[in-house]
1. Taking the criterion of being in contact with a strand residue (DSSP E or B) (Cβ under 7 Å, 6 or more places away or on another chain) and hydroxyl-bearing (S, T, Y), would at least one residue in segment 62-76 satisfy it?
2. Between a residue in segment 30-49 that is over 17 Å from R11 (Cα atoms) and any residue that is surrounded by fewer than 16 Cβ atoms within 10 Å (Cβ to Cβ) and modelled with pLDDT under 95, which pairs come within a Cβ distance under 7 Å, given they are 6 or more apart or on different chains?
Amino acid sequence: MRAWIRTAIRRDCGRCGIVVQPGEPVLRLTFPMDSTKALYRCEGCAGPAPTDEALTADVAPPADRSAMFERIRKLLGANDHDWKLSQSGDDR
Ligand SMILES: [Zn+2]
């Protein structure tokens with residue numbers, strides 16, 4: 001399936017390799033056999049993008065995982081002790 005989207009994150013064009021910056025139109029190619037994979041083409045390779053109204057929204061950018069890791073770390077009761085430093089004997 002071919003769909004022009006306004007990308008929310010940086011995308012690499014799979015044909016020429018240029019980086020398409022967030023907010024610019026990019027052609028997304030998806031396959032019915034595997035919906036998890038997508039290919040991206042820039043305007044230079046896929047032709048001119050349609051008008052702004054015809055562009056569909058991109059998927060949301062990935063969530064900040066560091067905040068989630070902090071919550072998990074607090075749940076596990078981990079502290080900020082540097083175990084590698086204590087193994088070397090320099091933790092004083
Ligand atoms: Zn390209």
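1. First, pick out the residues of segment 62-76 that are in contact with a strand residue (DSSP E or B) (Cβ under 7 Å, 6 or more places away or on another chain): none.
No, segment 62-76 contains no residue that is in contact with a strand residue (DSSP E or B) (Cβ under 7 Å, 6 or more places away or on another chain) and hydroxyl-bearing (S, T, Y).
2. Short answer, once both residue conditions are applied: F31/K37.
The values are calculated or read from the model by the stated rules, or taken from the named source; none is laboratory data. Just so it is clear, the model here is predicted, and its values are computed rather than measured. Quick reminder, even Gly has a Cβ in these numbers, built from the backbone with ideal geometry, and neighbours come from all protein chains shown.
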